[in-house]
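Chemist: Below are the structure tokens for one structure; questions will follow.
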């Protein structure tokens with residue numbers, strides 16, 4: 001009896017003094033970490049993740065998160081699937097994250113569904129993405145989500161006629177479709193829908209022929225970087241602003257491109273989900289940490305999507321105490337709400353897609369010469385309008 | 001209708017001049033020197049970055065920055081020619097392709113490291129911003145830069161290659177390097193100079209075309225087909241041919257944009273297909289080649 005007690009005591013002592021073995025949870029992040037899209041997506045992804053980790057430490061004292069980054073430069077469904085499989089089977093990741101391009105996210109959905117890997121989508125913004133796997137969660141946005149309020153705002157500003165000009169690829173077509181639908185439903189008239197080939201470098205002719213139709217406004221959707229730069233300059237230099245044709249956009253003035261757009265961008269009005277100029281303590285703290293870790297980085301929508309995506313991962317890891325329990329993880333994040341640097345956000349309990357404010361912003365120049373997206377109007381708690389029909 | 005045709009012509013020619021400016025350097029290196037120079041865009045990009053740095057960081061006037069940018073591209077090309085490029089002139093074309101595509105990838109990685117992966121704008125001076133009123137419509141003022149530079153380089157290159165001793169030496173060297181060498185021409189120096197001139201013109205084009213083809217690390221790869229299209233359609237080695245080809249391609253693509261927006265890019269490639277099936281050597285074959 002005495003001996004058993006002694007042994008027990010010794011055993012308890014041994015357990016409690018044994019060094020705590022930290023549980024490692026691996027997260028595979030797939031994105032364009034090199035190549036033409038690294039500046040607007042890959043780098044912001046990594047910066048968002050690392051900023052969140054630097055601000056919040058590890059999920060709990062005895063769980064350590066390890067992020068494994070895998071480079072996927074372009075839309076390449078086969079490679080996306082192979083990378084996801086490799087991360088799950090060989091590296092033993094419990095979670096996946098990232099994905100810039102919709103085709104890649106859709107291709108990896110089979111792996112997520114079959115292996116039951118909770119996956120946080122950091123960008124891919126076609127409506128259909130999240131429904132592809134019961135373990136998909138999205139922390140970026142969908143195209144209808146930002147296009148519909150943008151159309152409503154155009155109507156409220158009194159624009160009655162509009163011409164749409166979008167790049168001829170999936171996201172452009174989605175943006176056009178949802179904008180046209182919302183604009184016509186509100187009584188507006190769409191004079192023409194122009195789809196411009198992705199390789200277009202000279203936008204002048206499009207803008208000249210739009211000018212001849214004298215619409216109240218021009219709705220645009222273009223990929224980040226060079227096309228946006230050329231288009232915005234062409235909009236100014238072909239005199240559409242002087243002709244009174246308003247520019248209506250969404251992601252065109254995102255922070256990673258904004259400074260390089262220069263003076264041509266001043267006054268442009270866009271509807272989108274994150275502005276670096278959003279006034280909140282959460283955004284200030286986020287920007288401060290980001291600037292400390294990455295002095296050259298711009299706080300970009302993609303950075304915030306990855307930042308919030310990391311929050312979602314942490315919530316799931318905490319709820320499951322680091323153990324692989326995909327259903328409990330997804331249950332924990334479904335319906336969750338928190339205050340993001342962009343404002344209040346919720347993961348829809350049914351669709352696992354994001355519900356968030358869409359802000360109408362206008363580009364202003366600050367005293368130090370930097371351009372900012374000043375928020376002037378808020379459309380609160382916008383869902384993904386794409387799945388409602 | 002008349003104003004539509006006028007618009008197509010104005011936009012087409014001004015776009016064609018941009019195409020001519022960004023590929024004029026290639027007509028020298030690929031056309032005249034017959035060196036398969038896929039790194040042409042790299043030198044255009046170097047020029048663009050140099051001009052952006054001169055204007056933004058050093059505050060130099062635009063025109064001076066333009067000239068210095070061409071000089072920087074030329075000097076870098078001169079160094080590369082001595083170190084690498086001259087070793088492959090006599091080798092098969094595949095070796096030239098491999099070397100220059102290697103230069104392209106090195107250029108992408110280096111410029112991404114130095115200038116970041118986003119595009120770098122070249123700030124325009126006040127007098128080149130905004131639009132110019134042509135009476136019945138307006139046109140971006142910046143388009144006068146490729147217009148003026150395009151005509152100047154066309155004239156300059158013609159004078160240099162057809163009317164100077166250097167031009168005679170270069171044509172002799174290209175047509176028969178051995179005979180040229182035996183006649184006392186320093187063929188190595190002629191080649192190095194011609195390559196540097198081609199790169200300097202590329203640099204000039206990179207700056208002049210930057211409003212449409214903004215400077216960023218992937219520039220050399222993204223627009224490679226465009227450069228090659230102009231030179232191939234015009235007929236390699238023929239400066240006037242490249243000029244006509246650029247205007248033609250620009251006008252056809254622009255007409256496509258006005259008349260059938262979704263097929264505009266196809267119009268350009270369709271024209272290329274037709275011209276090259278009809279005349280594989282390009283619109284204007286170089287007569288002296290026989």
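Chemist: Taking the Cβ-Cβ separation of residue A:288 and residue B:273 as r and a Förster radius of 41 Å, what is the calculated FRET efficiency to the nearest 0.05? Intermediate results must be reported in sequence, preceding the final value.
Modeler: Numbers: r = 56 Å, r/R0 = 1.37.
The computed FRET efficiency comes out at 0.15.
Chemist: Next question, about the same structure. Need one number: nm distance between label points at residue B:189 and residue A:55, each 7 Å from Cα along Cα→Cβ, rounded to one decimal.
Modeler: Those two pseudo-labels are separated by 6.4 nm.
Chemist: Okay, next question. So what is the 222 nm mean residue ellipticity for chain A from helices alone, if each DSSP H run of at least 4 adds -39500 (n - 2.57) and you divide by all residues, rounding to the nearest 500 deg cm²/dmol?
Modeler: Numbers: 12 runs with 155 residues, N = 389.
Mean residue ellipticity at 222 nm (helix-derived): -12500 deg cm²/dmol.
Chemist: Under 8 Å for C-alpha pairs, at least 6 residues apart: give me the relative contact order for chain B, rounded to a whole percent. Each step should come with its number before you reach the end.
Modeler: Working: 473 pairs, mean separation 107.6, N = 290.
Computed value for chain B: 37 percent relative contact order.
Chemist: Hey, got the average number of other protein chain Cβ atoms within 10 angstrom for residues in A:258-266?
Modeler: Values: counts 0, 2, 9, 2, 4, 3, 4, 0, 0.
The per-residue average across the peptide is 3.
Chemist: To continue, here is another question. Please compute the length gained on full extension between residue B:3 and residue B:98, using 0.36 nm multiplied by the number of residues separating them and subtracting their Cα-Cα distance. The partial results should precede the final answer.
Modeler: Details: separation 95, 0.36 × 95 = 34.20 nm, distance 4.77 nm.
Contour length minus Cα-Cα distance gives 29.4 nm.
Chemist: Once both axes come from the Cα atoms, what is the angle between helix A:204-213 and the longest principal axis of chain A, in degrees from 0 to 90, rounded to 10?
Modeler: The angle comes out near 60 degrees.
Chemist: Give me the distance in nm between label points sitting 7 Å out from Cα along the Cα-to-Cβ direction at residue A:76 and residue A:161, one decimal.
Modeler: 4.7 nm
Chemist: Next up: How many angstrom separate the Cα center of the stretch B:164-229 from the Cα center of the stretch B:7-35?
Modeler: 13 Å
Chemist: Related question: List residues of the stretch A:283-316, by number, whose backbone nitrogen lies under 19 Å from a label position 7 Å along Cα→C-beta of residue A:366.
Modeler: A:283-304
Chemist: A further question on this structure: For the pair residue B:160 and residue B:182, what calculated FRET efficiency results from E = 1/(1 + (r/R0)^6), where r is the Cβ-Cβ distance and R0 = 22 Å, to the nearest 0.05?
Modeler: Details: r = 24 Å, r/R0 = 1.10.
For R0 = 22 Å, the calculated efficiency reads 0.35.
Chemist: Which FRET efficiency, nearest 0.05, do residue A:346 and residue B:281 yield, Cβ-Cβ r, R0 45 Å? Kindly include the intermediate steps, with their values, before the conclusion.
Modeler: On the way: r = 65 Å, r/R0 = 1.44.
Approximately 0.10, to the nearest 0.05.
Chemist: Name the residue, out of A:99, A:122, A:286, whose mean-square fluctuation peaks in a Gaussian network model built on chain A with Cα pairs under 10 Å.
Modeler: A:286
Chemist: Additional query: By how many degrees, between 0 and 90 and to the nearest 10, does the Cα long axis of helix B:187-208 differ from the longest principal axis of chain B?
Modeler: Helix B:187-208 sits roughly 10 degrees off the main axis of chain B.
Chemist: Another question, then. Hey, any idea what the orientation-averaged projected area of the convex hull of the protein assembly as shown's Cα atoms comes to, in nm²? Provide the component values of the computation, followed by the final result.
Modeler: Working: hull surface 146.3 nm².
Taking the Cα atoms of the protein assembly as shown, their convex hull projects to 36.6 nm² on average.
Chemist: Counting only C-alpha contacts under 8 Å and six or more residues apart, can you give the relative contact order of chain A as a whole percent? Don't jump to the answer; show the numbers that get you there.
Modeler: Numbers: 783 pairs, mean separation 68.9, N = 389.
Rounded, it is 18 percent for chain A.
Chemist: Which of rounded, prolate or oblate describes the stretch B:1-92 when judged by the alpha-carbon gyration tensor and an a/c cut-off of 1.5? If you can, show how the numbers build up before the last one.
Modeler: On the way: a/c = 3.95, a/b = 1.34, b/c = 2.94.
Here the stretch B:1-92 falls in the oblate category.
Chemist: Sticking with this structure for a sec: Okay, which of the stretch A:358-378 sit inside 19 Å, backbone N to the point 7 Å along the Cα-Cβ direction of residue B:126?
Modeler: A:369
Chemist: Please say if the stretch B:182-248 is rounded, prolate or oblate, where rounded means a/c under 1.5 for a ≥ b ≥ c the square roots of the C-alpha gyration tensor eigenvalues, and otherwise the choice is prolate for a/b larger than b/c and oblate otherwise? Please list the in-between numbers first.
Modeler: Values: a/c = 2.61, a/b = 1.54, b/c = 1.69.
Verdict is oblate for the stretch B:182-248.
Chemist: Right, next: Which residues in the stretch B:109-146 have a backbone N closer than 18 Å to a point placed 7 Å from the Cα of residue A:243 along the Cα-to-Cβ line?
Modeler: Hits in the stretch B:109-146 for residue A:243 at 18 Å: B:130-143.
Chemist: To continue, here is another question. To the nearest Å, what is the center-to-center distance of the stretch B:89-136 and the stretch A:107-134, using C-alpha atoms only?
Modeler: 37 Å
Chemist: On a 0 to 90° scale, report how tilted helix A:2-17 is relative to the longest principal axis of chain A, with both axes built from alpha carbons and the result rounded to the nearest 10.
Modeler: Compared with the principal axis, the helix lies near 30 degrees.
Chemist: Next up: Can you grab the distance from the C-alpha centre of the stretch A:200-216 to the C-alpha centre of the stretch A:235-267, Å, no decimals?
Modeler: What the calculation gives is 14 Å, centre to centre.
Chemist: What percent do you get for the relative contact order of the stretch B:165-290 when only Cα pairs under 8 Å and 6+ apart count? Don't skip to the end; give the middle numbers.
Modeler: On the way: 93 pairs, mean separation 24.2, N = 126.
Relative contact order of the stretch B:165-290: 19 percent.
Chemist: Moving to a separate point now. Would you calculate, for chain B, the mean residue ellipticity at 222 nm contributed by helices, counting each DSSP H stretch of 4 or more residues as -39,500 (n - 2.57) and dividing by all residues, to the nearest 500?
Modeler: On the way: 12 runs with 197 residues, N = 290.
After summing the helix terms and dividing by the residues of chain B, the value is -22500 deg cm²/dmol.
Chemist: Per-residue mean of other chain beta-carbon atoms within 10 angstrom of the beta-carbon, peptide B:121-129? Walk me through the numbers on the way to the answer.
Modeler: Working: counts 7, 0, 2, 5, 0, 0, 0, 1, 6.
The shielding value for this peptide is 2.
Chemist: If you take each beta carbon of peptide B:135-141 and count the beta carbons of other chains within 10 angstrom, what is the mean? Write out the running numbers ahead of the final one.
Modeler: On the way: counts 0, 0, 5, 8, 5, 8, 1.
Mean inter-chain Cβ contacts per residue within 10 Å come to 4.
Throughout, read-outs are computed from the coordinates displayed, never taken from laboratory work. All of these numbers come straight from a predicted model, not from anything done at the bench. Neighbour counts run over all protein chains shown; Cβ positions are idealised from the backbone, glycine included.
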